[in-house]
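Structure first, then comments.
A short reminder: the numbers here are calculations on the coordinates, not readings from a lab. No experiment lies behind these values; they were computed from the predicted model shown. Don't worry about glycine lacking a Cβ; one is built from the backbone with ideal geometry, like all the others, and counts go over all protein chains shown.
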Amino acid sequence: MFPLHDLLDDETRSALAEHDDLMAGLLARRGVTTKAAADVFLDPSYEEHIHDPMQIKNMPKAARRVADAINAGEKIAVWSDYDCDGIPGGVILHDFLKKAGANFVNYIPHRHNEGYGVNEMGLEKLASEGVKLVITVDSGITDVEAVAKANELGMEVIVTDHHLPGPVLPPAFAVIDPKQDGETYPFRELCGAALAWKLSCAVLAHGFTGRELIPVGWEKWLLDMAGLATIADMVPLTGENRVIAKYGLFVMRKSPRLGFGRLCKAARVEQRSIAEDDVAFMIAPRVNAASRMGDPRDAFTLFTTTDEVEADLLAKKLEAANRSRRAAAGAITKAVHERIAEKKLQGELPAVIAMGDPDWRPGLLGLVASGIADEYDRPVFLWGREGSNVLKGSCRGGPGNVHVVELMTAGGDIFAEFGGHAAAGGFSLHAETVHLLEERLCEALASLPAFTHDPFANADAHIHTHEATPTLLGKLERLAPFGMGNPKPTFVFRDVTIHEVSWFGKSNEHLRLRLKPSPEDFSERNIEGIAFYAKRELGSDIMKLEAGNVTSILASLERDMFTRSRPVRLRLIDIA
């Protein structure tokens with residue numbers, strides 16, 4: 001095994017002396033450079049590393065208000081977003097308020113009819129039903145006018161959100177947002193559902209009539225939803241998020257929640273051994289499919305129902321919605337290809353592909369843009385309409401040397417909002433300038449210096465195939481759960497010979513390689529490498545692979561959960 005990074009300085013290496021060179025390097029590259037920090041990172045403790053929710057700015061005031069509403073029997077509305085952060089957050093407050101005997105209702109705006117955030121139409125409906133207190137989840141921090149409208153309608157609002165505030169805070173009874181000015185809470189990267197869980201814990205700590213009937217520690221059962229959202233919402237899996245995700249996975253594995261178990265079964269996920277990849281790539285897309293293809297309340301009801309028949313029906317409905325999502329993405333892909341063919345007939349394909357349609361659903365466009373960008377080897381920007389007026393889209397840089405956030409920055413004021421990272425991003429557009437999108441992006445691309453992205457350069461070490469053992473994988477799993485801010489360790493395998501190439505899946509979209517060991521391995525053991533949606537993830541050149549090719553591979557290590565002995569296999573990231 002050969003490290004691909006500079007050796008640690010003497011002070012850091014001494015501080016991490018109880019760990020071998022590989023583990024010490026992995027910890028240091030995650031910002032963990034002391035023995036105390038390593039102990040916390042490798043063994044996060046619920047009792048020691050979950051912070052007191054009352055430390056969050058305005059939380060004592062919010063907890064007292066919720067407790068007063070429970071005691072007085074005031075009608076409470078939980079207004080949650082429709083994605084895989086807002087829905088689990090709404091479920092958390094549903095379960096808590098139900099346990100507390102509160103008078104409450106859950107409200108989830110319809111993605112396509114109402115759009116994101118708090119809106120006046122929904123507030124008027126709640127006011128007409130006698131609601132006196134509205135608690136937002138994963139939304140509300142920029143909805144200044146809507147919150148003012150709620151006040152006019154005789155309702156007080158507690159905003160819980162984790163997005164960046166605008167220049168003016170909404171006129172709420174209390175604003176819970178770790179990113180607001182004056183926040184002193186030790187960790188500020190909680191997702192929306194985690195904040196809903198924190199509010200529940202704070203109200204339990206404050207107390208209310210009937211509190212004594214709720215068992216001590218009951219709130220830990222809500223960590224299945226807090227952990228699900230923390231993993232799904234792409235917040236950094238560091239600090240307190242790491243604790244929530246780790247213990248959330250523990251609860252998911254033994255959760256008695258009927259709908260969660262049925263959804264795992266429908267998605268062919270083994271609940272007893274569910275891991276962060278299962279959540280991110282199997283469970284979360286099905287939850288998100290509810291709002292993208294239909295009604296977000298299907299996902300919410302799935303997680304809150306106590307009826308086995310309803311749980312079965314809703315799990316199957318979400319599975320069908322996810323299939324519809326893939327089919328709809330396929331239809332958009334076909335339409336994009338047709339437009340590209342027209343452009344080719346008119347002349348050379350532009351350096352940036354940018355197109356859209358008001359009928360395209362923004363939630364489907366990331367998947368489409370990724371495939372188009374890889375196929376045509378250039379940045380792709382696709383937009384659709386969400387709600388009544390907002391044009392939103394996704395972009396991918398493709399295999400070329402383009403940093404999409406820098407490209408959007410250079411595009412100037414054509415975007416209303418944008419964000420993301422080097423390879424992928426999201427944006428919203430001004431309707432009156434959408435026709436200029438492609439022209440402006442091509443001009444911006446021409447003005448930018450080349451951006452070099454070499455995934456092999458960021459690998460953690462060069463190892464031989466015989467070193468990819470259960471022992472090494474067990475050591476790496478101490479760093480889990482993996483995600484944003486804590487990526488899976490990656491390794492370069494040089495000069496490996498491909499023994500067999502095979503494709504599987506309904507459309508032969510997934511790749512399996514059998515790899516012979518490199519000459520240095522002194523081993524006869526072949527190892528399997530796998531890539532799901534290989535053409536999209538690895539590029540179209542992957543189709544040229546043949547048995548006998550000698551190549552270098554970038555991969556992470558994982559267990560093959562579908563083979564009885566659960567051997568180590570490689571998850572392919574790139575092939576040179």
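The 3J(HN,Hα) values that the Karplus relation (6.51, -1.76, 1.60; θ = phi - 60°) gives for segment 466-479 are, in residue order, 6, 8, 7, 10, x, 5, 5, 4, x, 5, 5, 5, 5, 7 Hz. Gly and Pro appear as x. Close amide H pairs (under 5 Å, H built 1.01 Å from N) link ASN58 with no residue at least 5 positions away or on another chain. A simple rule links phi to the HN-Hα coupling: the Karplus curve 6.51 cos²θ - 1.76 cosθ + 1.60 with θ = phi - 60°, which for segment 203-216 gives 5, 4, 5, 5, x, 6, 4, x, 4, 5, 7, 8, x, 4 Hz, with x for Gly and Pro. Across segment 414-460, Cα pairs under 8 Å and at least six residues apart give a relative contact order of 28 percent. When you restrict to C-alpha pairs under 8 Å that are six or more residues apart and normalise by the size of segment 219-346, the relative contact order lands at 22 percent. Packing here is the average count of other Cβ atoms within 10 Å per residue, and on that basis the peptides 174-180, 538-544, highest first, run 174-180, 538-544. The relative contact order of the chain comes to 11 percent, based on Cα pairs under 8 Å that sit 6 or more residues apart. Taking the average, over residues, of other Cβ atoms within 10 Å as the packing measure, peptides 113-123, 355-365 rank 355-365, 113-123 from highest down. Peptide packing for 253-261, 187-195 was compared via the average number of neighbouring C-beta atoms within 10 Å per residue; ordered from the highest value, the list is 187-195, 253-261. Taking 51 Å as R0, compute the FRET efficiency from the Cβ-Cβ separation of VAL168 and THR209 and round it to 0.05. E(calc), rounded to 0.05, equals 0.90. Rounded if a/c is under 1.5, else prolate if a/b beats b/c, else oblate: with a ≥ b ≥ c from the C-alpha gyration tensor eigenvalues square-rooted, which is segment 456-575? Rounded shape, in that the Cα axes give a/c under 1.5. Looking at the chain, the DSSP beta bridges with both ends there are about 65 percent antiparallel.
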